[in-house]
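Student: First the structure, then my questions, so here it is.
The values are calculated or read from the model by the stated rules, or taken from the named source; none is laboratory data. Fair warning: this is a prediction, and the values are worked out from it, not measured in the lab. A quick note on method: Cβ atoms are made from the backbone with ideal geometry, for glycine too, and the neighbour counts reach across all protein chains shown.
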Amino acid sequence: MHMSIEKLLVFGATGVQGHPVVDAALEAGLSVRASSRDVVEAEEKLPASVEVVEADFTAAEDVLEAMDGVDAVYFYLPTMPDRSHARAIVDNVLAGASRQGLQRIVFTTGGSCGEQMPACGFVDGLRAISDRILSAEVPAVVLRPTLYLANLVWPHLIREIREYGKLTYPPLGRGRRMNWTATEDQALLAVASLTADVAGEAIDIASPEPVTPSELCRMLASVYGREVHFAPQSMDDFADMLSHLFGSAELSRMVAELYAAMDRIEGDGPLVDTDALEQRFGVKLTPVSEWVDDRLGRLLELYG
């Protein structure tokens, strides 16, 4: 089927996942419509060329109206995958895309849920949501990232590294080698997925250069200007930290279960063949060391 994708709707366009997709779509020459519940904030944060509309993910008519006149949609869940409103969001997107005749849906899971991941509530929920999206009438693609490099700019992590020279995240084994994912790379792959021959697939994605925590610490040391050592939290302490971060003990427990499942992967992992991704999608992804030197370095300059 011939596709002509010219205009993309991005839900959550001012978020950590959505904003890079807006940038990548514009760089690719697409027109972008950004859906937000806060139009003023979106207009302040996004380029002037982006059309901003107000829409509530959970309101079917809002979603339908936001999709009028676009060719494709990108979205991710702003909530846990097992929640009823998560299912309502997915149903609204799928129904709206079908009624408006969209050509492609791209969904990012926000967490590892591929075949190498052991089962847990978070993983099972993402797999069920992914299956629902891939069985939809409109051709869809599901991208499954590993841990986000953007998590390294959580304020408490920056403070701990600056003050004590220790990295407490992720709460995984010291020797585990794994791929991380830059949201900028995820965005490149999301935009490439609009026209690539990948409809109906769930694809594990990541940035190149799998590293151990110790190797990551050496990279961080170069931008922080001090020695950094890995001192992982226990899973209970990690869940407690998340409860303060998210304001929900139940939410923090589910996320901690995802990390506990990740730590049960035998040997290294999650690991992704990023060479194959680059070749298949025709994109150039950013190695972890380059992201740390460039992107993280610039972010730290903003923090002072």
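Student: Looking at Gly125, Gly165, can you tell me which residue is at pLDDT below 95 and in contact with an Asp or Glu (Cβ under 9 Å, 6 or more places away or on another chain)?
Tutor: Matching residue, one of Gly125, Gly165: Gly125.
Student: Being on the phi < 0 side of the Ramachandran plot and touching a Pro at 6+ places or on another chain (Cβ under 7 Å), is that true of even one residue in the range 33-52?
Tutor: No: zero hits.
Student: Would you tally the residues in the range 25-44 being part of a helix (DSSP H, G or I) and within 16 Å of Glu184 (Cβ to Cβ)?
Tutor: 3
Student: For the range 45-57, which residues satisfy the criterion of being exposed (fewer than 14 other Cβ atoms within 10 Å of the Cβ) and either aromatic (Phe, Trp, Tyr) or under 22 Å from the mean Cα position of the chain (by Cα) (or both)?
Tutor: Pro47
Student: Looking only at the range 236-259, count every residue that is out of contact with any Phe, Trp or Tyr (no Cβ under 7 Å at 6 or more places or on another chain) and either among the charged types (D, E, K, R) or at pLDDT 95 or above (or both) and tell me the total.
Tutor: Going through the range 236-259 one residue at a time, the tally reaches 5.
Student: Can you tell me which residues in the range 254-267 are of a type in the set (D, E, K, R) and part of a helix (DSSP H, G or I)?
Tutor: The one that is of a type in the set (D, E, K, R) and part of a helix (DSSP H, G or I): Glu257.
Student: Out of Leu220, Leu277, Leu245, Leu251, I need the residue that is hydrophobic (A, V, I, L, M, F, W, C), surrounded by fewer than 16 Cβ atoms within 10 Å (Cβ to Cβ) and either part of a loop (DSSP other than H, G, I, E, B) or touching a residue at least 12 places away in the same chain (Cβ under 8 Å) (or both). Which one?
Tutor: Only one candidate passes the filter, namely Leu245.
Student: Next question, about the same structure. Go through the range 87-114 residue by residue and tally those that are of a type outside the set (Ser, Thr, Tyr), assigned to a loop (DSSP other than H, G, I, E, B) and within 18 Å of the chain's Cα centre (by Cα).
Tutor: 4
Student: Next question, about the same structure. If Arg83 satisfies every condition in (1) touching a residue at least 60 places away in the same chain (Cβ under 8 Å); (2) at negative phi but one, which is the exception?
Tutor: Among (1) touching a residue at least 60 places away in the same chain (Cβ under 8 Å); (2) at negative phi, the lone unmet condition for Arg83 is (1).
Student: Within the range 178-217, take every residue that is among the hydrophobic types (A, V, I, L, M, F, W, C) and assigned to a helix (DSSP H, G or I) and give me the one that is nearest to Ala261 (Cα to Cα).
Tutor: The residue in question is Leu216.
Student: Follow-up question, since we're still on this one. Which of the numbered conditions does Leu300 fail, given that it passes all the others? Conditions: (1) out of contact with any Leu (no Cβ under 7 Å at 6 or more places or on another chain); (2) not acidic (Asp, Glu); (3) not in a helix (DSSP H, G or I).
Tutor: Of the numbered conditions (1) out of contact with any Leu (no Cβ under 7 Å at 6 or more places or on another chain); (2) not acidic (Asp, Glu); (3) not in a helix (DSSP H, G or I), the odd one out for Leu300 is (3).
Student: Could we say that Glu184 is under 25 Å from Lys7 (Cβ atoms), crowded, with 19+ Cβ neighbours inside 10 Å, within 19 Å of the chain's Cα centre (by Cα) and acidic (Asp, Glu) here?
Tutor: yes
Student: Taking Val288 as the residue in question, decide whether it is at pLDDT 95 or above and surrounded by 14 or more Cβ atoms within 10 Å (Cβ to Cβ).
Tutor: yes
Student: Please go through the range 197-223 and give me each residue that is in contact with a strand residue (DSSP E or B) (Cβ under 8 Å, 6 or more places away or on another chain) and farther than 27 Å from Gly267 by Cβ, ordered by number.
Tutor: Val198, Ala199, Gly200
Conditions tested, residue by residue: (1) surrounded by 15 or more Cβ atoms within 10 Å (Cβ to Cβ); (2) in a helix (DSSP H, G or I); (3) among the β-branched types (Val, Ile, Thr).
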{"position": "Ala119", "(1), (2), (3)": "no, no, no"}
{"position": "Ile129", "(1), (2), (3)": "yes, yes, yes"}
{"position": "Ile133", "(1), (2), (3)": "yes, yes, yes"}
{"position": "Arg144", "(1), (2), (3)": "yes, no, no"}
{"position": "Ala150", "(1), (2), (3)": "yes, yes, no"}
{"position": "Glu163", "(1), (2), (3)": "no, yes, no"}
{"position": "Tyr169", "(1), (2), (3)": "yes, no, no"}
{"position": "Arg176", "(1), (2), (3)": "yes, no, no"}
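Student: Out of everything in the range 69-80 that is under 18 Å from the mean Cα position of the chain (by Cα) and surrounded by fewer than 24 Cβ atoms within 10 Å (Cβ to Cβ), what residue ends up being nearest to Gly200 (Cα to Cα)?
Tutor: Once the filter is applied, the top-ranked residue is Tyr76.
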